[in-house]
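All remarks here apply to the structure that follows.
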Amino acid sequence: MKKNLTLTQKIIEKHLLEGKLVAGEEIGIRIDQTLTQDATGTLAYLEFEAMGVEKIKTKLSVSYIDHNTLQTGFENADDHKFLQTIAQKYGLYFSPNGNGVCHQVHLERFGVPGETLIGSDSHTPTAGALGMLAIGVGGLDVAYALATGRFYLKMPKVINVKLSGKLTGWASAKDVILELLRRLTVKGGVGKIFEYTGSGIKTLSVYERATITNMGAELGLTTSIFPSDEQTKKFLKLQKREKDFVEISADKNAEYDETIEIDLSKIVPLIACPHSPDNVKQVSEIRDVFLDQIVIGSCTNSSLADLLLVAKILKGKKVKVPTLISPGSKQVLANLIKSGAMSDLVSSGVRVLEPACGPCIGMGCAPVSGGVTLRTFNRNFKGRSGTDDAEIYISSPVVAAFSALTGKITSPAGKVPKAEVPKKIEIMNDLIIHPNKSGTNVPLYRGKNIKPIEKFPELENTSAGEVVLKLNDNITTDDIIPAGAKILPLRSNIPAISEYVFTKIDSSFVARAKEKNGGIIVAGENYGQGSSREHAALCPKHLGIKAIIAKSFARIHKSNLVNFGVMPLIFANPPDYNRIDMSDQLEIEDVKSLSSQKTLTVKNITKNFSFKVIHDLTERQLKILLSGGLLNCL
């Protein structure tokens with residue numbers, strides 16, 4: 001065994017099935033746990049079912065209901081019942097509607113230091129707060145892990161984020177991750193894992209660490225991880241899971257690819273301005289931004305610790321702007337009630353929502369037209385609030401609470417109140433449905449909104465098509481397939497949800513793609529950032545999209561494109577992007593040579609010139625791609 005290993009390397013080495021711990025090389029690892037949520041889970045389990053496996057191969061897997069909790073029609077209710085019967089049949093735990101956000105509940109009930117977790121949600125790295133190697137992936141990758149116990153990825157670079165000092169005043173963990181986003185931007189973490197070390201980590205609770213690991217996804221990171229130490233033990237003991245504690249950390253002289261240093265004592269309250277999580281400024285710089293709405297919660301800042309502090313700030317006062325709070329779990333809600341904090345919140349004028357993702361994905365509570373909303377969430381992409389022309393700011397719960405009392409974005413001031421989590425809390429285990437040991441005979445409930453998985457042919461050697469859309473940098477999966485109460489209920493009906501592809505960018509795109517029998521999309525940097533929803537790859541494929549030619553791709557989305565047989569090609573010479581226009585006819589030659597070379601030639605038939613594209617796919621990914629997708633390959 002190599003000496004001086006990082007924590008990341010230790011966990012991967014313990015789970016390594018294929019490959020070597022060399023940055024950039026593909027590795028296969030054993031997966032201990034998986035999670036899904038209902039916006040991605042229905043498709044993932046349909047894919048798993050198509051693999052013909054009788055039982056899951058993981059140590060523990062959980063199906064959560066937390067995204068599509070609104071039941072304004074039969075679609076969500078039907079899919080939730082389908083997910084419950086799938087869990088009973090194949091041996092998964094099932095967390096029902098209203099029990100809480102998957103990441104918060106997973107921390108409370110299931111996370112184990114030193115184990116591996118993949119989830120069909122981009123914020124799965126939240127569990128890195130417990131010392132897990134937790135990675136967000138597409139649903140088909142989760143299905144494959146359920147069927148085989150395996151997951152493949154390129155070995156990321158491991159970056160040492162060395163924390164010193166201690167947070168002071170009103171500075172919070174949210175401000176630490178916002179500072180990293182300010183420095184590095186939303187694409188600054190692609191191909192990397194952030195491993196937190198240094199004397200400063202001892203001062204951060206698991207609740208605070210979870211905020212940091214959760215929003216690492218906004219940097220484009222593969223994942224983030226903290227060591228499992230006394231803070232971890234304290235958290236697990238509180239959850240009555242002390243038996244799951246394992247102390248694990250990097251070796252003393254571990255070798256990292258890079259080091260980033262942050263002095264926690266110099267962190268100040270920060271805020272992400274519209275419309276990107278990396279548009280960060282100091283709260284003190286913001287002047288006279290009046291608010292139409294404040295929402296506190298989401299998987300980033302809905303813990304008991306977060307909401308107890310908010311209750312302390314609001315106690316005995318009245319909010320001056322509509323303020324909503326969504327607890328992260330039923331357990332958090334129960335303990336807010338037990339402590340009396342819920343009474344303080346309600347008395348201040350706060351509206352309390354059920355424990356769920358809710359407003360974070362535009363599932364209700366949209367602000368007014370042209371409104372300004374302050375949220376403690378992780379993303380502020382345009383339209384994500386459910387109101388296309390709203391402006392979304394992101395801050396810590398502390399800043400949100402102070403702003404609620406003034407009606408405008410406000411810097412915290414005064415003495416910091418004590419709002420410690422009690423040493424003993426009420427544990428809520430009983431709502432989670434455990435696996436059925438004799439589940440093979442469980443009949444699956446299949447609602448009329450669920451459509452069969454589509455089969456696609458192998459890739460042809462020559463791929464031609466019109467440029468049906470040209471896009472700028474940082475296109476999100478929300479841009480490709482919008483979230484919200486209208487569209488997400490169609491997640492298990494690909495023909496229906498495909499009608500909404502790119503509708504917020506170009507309402508004529510779907511009709512044009514159908515008229516042209518698909519085609520090719522051209523894009524800038526970081527194409528496909530944001531959520532893990534594989535619909536953003538599958539729906540364009542359904543419409544006939546053959547390739548995305550971009551300057552660069554976000555990690556999860558690139559994998560999803562491969563899994564559904566859409567070529568993710570990269571401009572060898574980025575300025576060539578400027579030479580291509582909508583409606584240009586392109587022809588990609590010798591596609592099947594992808595398996596033996598990194599470069600292809602693309603002819604622009606319309607303008608009579610050729611340009612080069614490259615790929616960075618592994619041999620395994622190329623086999624999947626050329627087969628027309630992972631299900632074909634299997």
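We did not get these values from a lab; they are worked out from the coordinates using the rules stated. Since we're looking at a predicted model, the values are computed, not measured. Backbone-built Cβ (ideal geometry, glycine too); neighbour counts: all protein chains shown.
Overview of results
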| quantity | calculated |
| --- | --- |
| Under the Debye formula (equal points on every Cα, no solvent term), log10 I(q)/I(0) of the stretch 66-198 at q = 0.13, 0.20, 0.21 Å⁻¹ | -0.73, -1.36, -1.44 |
| Too-long pairs where the Cα-Cα distance tops 32 Å, listed order kept, from Lys89/Lys234; Lys192/Lys612; Lys59/Lys470; Lys14/Lys243; Lys166/Lys551 | Lys89/Lys234; Lys59/Lys470; Lys166/Lys551 |
| Residues Asp251 and Glu420, FRET efficiency given R0 of 22 Å [Cβ-Cβ distance, rounded to 0.05] | 0.10 |
| Residues Glu242 and Ala413, FRET efficiency given R0 of 51 Å [Cβ-Cβ distance, rounded to 0.05] | 0.85 |
| Calculated FRET efficiency for the pair Glu261/Asn441, C-beta based, R₀ 60 Å, to 0.05 | 0.55 |
| Measure of compaction for the stretch 7-266 (Cα Rg per 2.2 N^0.38 Å) | 1.00 |
| Rotationally averaged projected area of the chain (alpha carbon convex hull; nm²) | 26.1 nm² |
| Extension reserve of the Ser369-Lys514 stretch, reckoned as 0.36 nm per residue once the Cα distance is removed | 49.0 nm |
| Integer Hz, Karplus 6.51/-1.76/1.60 couplings in order for the stretch 168-178, x for Gly and Pro | 10, x, 9, 5, 9, 4, 4, 6, 5, 6, 5 |
| Whole-Hz ³J(HN,Hα) from phi, Karplus 6.51 cos²θ - 1.76 cosθ + 1.60, for the stretch 203-216, glycine and proline x | 8, 9, 6, 4, 4, 5, 4, 5, 4, 5, 5, 4, 7, x |
| Segments 349-356, 270-277 sorted - mean Cβ within 10 Å per residue, highest first | 270-277, 349-356 |
| Selection of trypsin sites (Lys or Arg not before Pro), the stretch 268-341, meeting DSSP coil and at most 12 other Cβ within 10 Å | Arg287, Lys318 |
| Kirkwood Rh, angstrom, the stretch 463-633 [1 / mean 1/r, Cα pairs] | 15.9 Å |
| Residue-count net charge about Gly73 - beta-carbon cut-off 15 Å; Lys, Arg +1, Asp, Glu -1 | 0 |
| Zone residues, the stretch 562-590, relative to Lys598, backbone N less than 18 Å from point 7 Å out along Cα-to-Cβ | 568-575 |
| Charge tally in the Cβ shell below 11 Å around Leu600, where Lys, Arg are +1 and Asp, Glu are -1, Leu600 excluded | +1 |
| Estimated Rh, the stretch 270-406: Kirkwood, alpha-carbon pairs, angstrom | 14.6 Å |
| The stretch 47-79: GluC sites (Glu not before Pro) in DSSP coil with no more than 14 other Cβ atoms inside 10 Å | Glu54 |
| Estimated distance in nm for a label pair at Val352 and Met51, the labels positioned 7 Å out from Cα along Cα-to-Cβ | 4.1 nm |
| Extended-chain gain in nm, criterion 0.36 nm per residue less alpha-carbon gap, Glu589 and Leu405 | 60.1 nm |
| Sparse-neighbour loop sites [GluC sites (Glu not before Pro); the stretch 354-455; at most 10 other C-beta within 10 Å; DSSP] | Glu420 |
| Pairs of lysines in the stretch 270-406 (C-alpha under 24 Å apart; 8 or more residues apart or interchain) | 10 |
| Estimated [θ] at 222 nm from DSSP helical runs (n ≥ 4, -39500 (n - 2.57)) normalised by residues in the chain, nearest 500 | -7500 deg cm²/dmol |
